[in-house]
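Everything on this sheet refers to the single structure shown next.
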Amino acid sequence: MDDTRLPGSLVCVGIGMTLGSHLGPLARSYIEQSDVVFAGVSDGVVELWLQRMHKDVRSLQPYYREGKSRMQTYRQMVEAILTEVRAGKKVCGVFYGHPGVFAWAPHKSIAVARSEGYAAHMEPGISAEDCLYADLGIDPGTYGCQHYEASQLLFYQRRIDPTAYLVLWQVGMVGDQSLARFSTGPAYKQVLVDVLARDYPLDHEVIIYRTPTLPIQQARIVRVALGDLPRVEIDMADTVVIPPAHPLQVDHEMRARLAALDRDTSDTV
């Protein structure tokens with residue numbers, strides 16, 4: 001046991017996407033046994049649900065504000081969490097989905113806590129990606145999957161493989177360089193379509209997907225042509241999935257090389 005660690009600790013847990021359906025027993029235990037709980041969740045109803053498990057649940061949502069840099073928001077979240085850790089408390093950060101997926105604050109909070117000598121770790125949760133595979137019937141092992149934050153395709157030179165699935169996150173605010181907006185308009189999505197049109201025909205079907213966050217909701221699954229994407233409502237919670245546009249191409253040279261290795265191996269047995 002490491003006796004050099006300071007009093008105070010941090011664990012960031014994921015409660016999954018759908019209220020009450022995805023919370024594991026270990027994550028629940030951390031929530032119930034902590035001194036203070038910080039909640040970065042998807043819905044006010046979820047916060048009320050957490051308050052049934054712990055008497056001191058502090059929402060992180062008030063740090064968000066239209067026109068305010070999200071990076072400033074995230075840093076304030078980290079400072080709020082670390083203030084309680086430094087006060088010697090057992091702190092639990094509760095985040096919807098997986099606490100390490102599209103979530104800067106949990107990663108940073110853990111890194112800072114560890115650098116200052118506190119025990120800190122992350123417990124995984126069911127993410128939107130996990131729900132997507134189930135609801136859309138996709139096996140990532142069949143053709144492969146590429147995952148990108150949508151703006152990365154505009155800001156950087158990325159290489160797309162149209163023989164695999166392409167999963168684009170945060171399309172609703174694609175192209176935002178200010179980190180202060182929660183959505184961008186059709187013109188920004190048209191820029192994304194122009195980039196994607198280098199590898200996909202405009203009539204190629206794409207899927208707009210949203211995971212339900214409440215048990216009474218259904219998954220949003222909308223199929224449209226790529227060229228129509230700018231005219232479809234897409235918000236921050238939506239993910240765009242582009243199925244393969246071309247079949248896998250056999251690498252005959254590599255298969256011949258592997259066949260030769262198989263023969264060599266069998267000859268030495």
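Summary of values
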| item | result |
| --- | --- |
| Matching residues, segment 218-231, being without any contact (Cβ under 8 Å) to a residue 12 or more places away in the chain and surrounded by 11 or more Cβ atoms within 10 Å (Cβ to Cβ) | 228 |
| Looking only at segment 103-120, and only at residues there that are among the hydrophobic types (A, V, I, L, M, F, W, C) and surrounded by 16 or more Cβ atoms within 10 Å (Cβ to Cβ), the one that is modelled with the lowest pLDDT | 103 |
| Test for residue 100: is it modelled with pLDDT of 95 or more, assigned to a loop (DSSP other than H, G, I, E, B), loosely packed, with under 15 Cβ neighbours inside 10 Å and not charged (D, E, K, R) | no |
| Close pairs from segment 197-216: first in contact (Cβ under 8 Å) with a residue 40 or more places away in the chain, partner polar (S, T, N, Q) and part of a loop (DSSP other than H, G, I, E, B), Cβ under 8 Å, at least 6 apart | 211/18; 212/18; 212/218; 213/18; 213/42; 214/18; 215/18; 215/21 |
| Residue 162 at pLDDT below 95 and either under 21 Å from residue 129 (Cα atoms) or in contact with a Lys or Arg (Cβ under 7 Å, 6 or more places away or on another chain) (or both) | no |
| Set 78, 45, 91: member being modelled with pLDDT of 95 or more and part of a helix (DSSP H, G or I) | 78 |
| Failed item in (1) within 17 Å of the chain's Cα centre (by Cα); (2) surrounded by fewer than 16 Cβ atoms within 10 Å (Cβ to Cβ), with residue 142 passing the rest | (1) |
| Selection count, segment 192-231, where residues are assigned to a strand (DSSP E or B) and either within 18 Å of residue 169 (Cβ to Cβ) or at pLDDT below 95 (or both) | 9 |
| Residue in segment 166-188 that is under 25 Å from residue 16 (Cα atoms) and over 22 Å from the mean Cα position of the chain (by Cα) present | no |
| Residues of segment 232-256 satisfying the condition of being exposed (fewer than 11 other Cβ atoms within 10 Å of the Cβ) and either in the same structural domain as residue 20 (by TED's automatic domain parsing) or not in a loop (DSSP other than H, G, I, E, B) (or both) | 252, 253, 254, 255, 256 |
| Helices (runs of 4 or more DSSP H) contained entirely in segment 112-189, each with at least 1 residues that are closer than 30 Å to residue 29 by Cβ and touching a helix residue (DSSP H, G or I) at 6+ places or on another chain (Cβ under 8 Å) | 128-136 |
| Which listed residue is assigned by TED's automatic domain parsing to the domain that holds residue 110 and in contact with a His (Cβ under 6 Å, 6 or more places away or on another chain), from 45, 37 | 37 |
| Residue 105 being touching a residue at least 60 places away in the same chain (Cβ under 8 Å), among the aliphatic types (A, V, I, L, M) and not in a loop (DSSP other than H, G, I, E, B) | yes |
| Flag if residue 58 is assigned by TED's automatic domain parsing to the domain that holds residue 90, at pLDDT 95 or above, part of a helix (DSSP H, G or I) and out of contact with any Leu (no Cβ under 8 Å at 6 or more places or on another chain) | no |
| Leading residue by the ranking (nearest to residue 10 (Cα to Cα)) among those in segment 23-71 that are touching a residue at least 40 places away in the same chain (Cβ under 8 Å) and among the charged types (D, E, K, R) | 35 |
| Residue match in segment 7-19 (condition: assigned to a helix (DSSP H, G or I) and small (Gly, Ala, Ser)) | no |
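The values are calculated or read from the model by the stated rules, or taken from the named source; none is laboratory data. All values reported here derive from a predicted model rather than from experimental measurement. For neighbour counting, all protein chains shown are included, and Cβ atoms are generated from backbone atoms with ideal geometry for every residue, glycine included.
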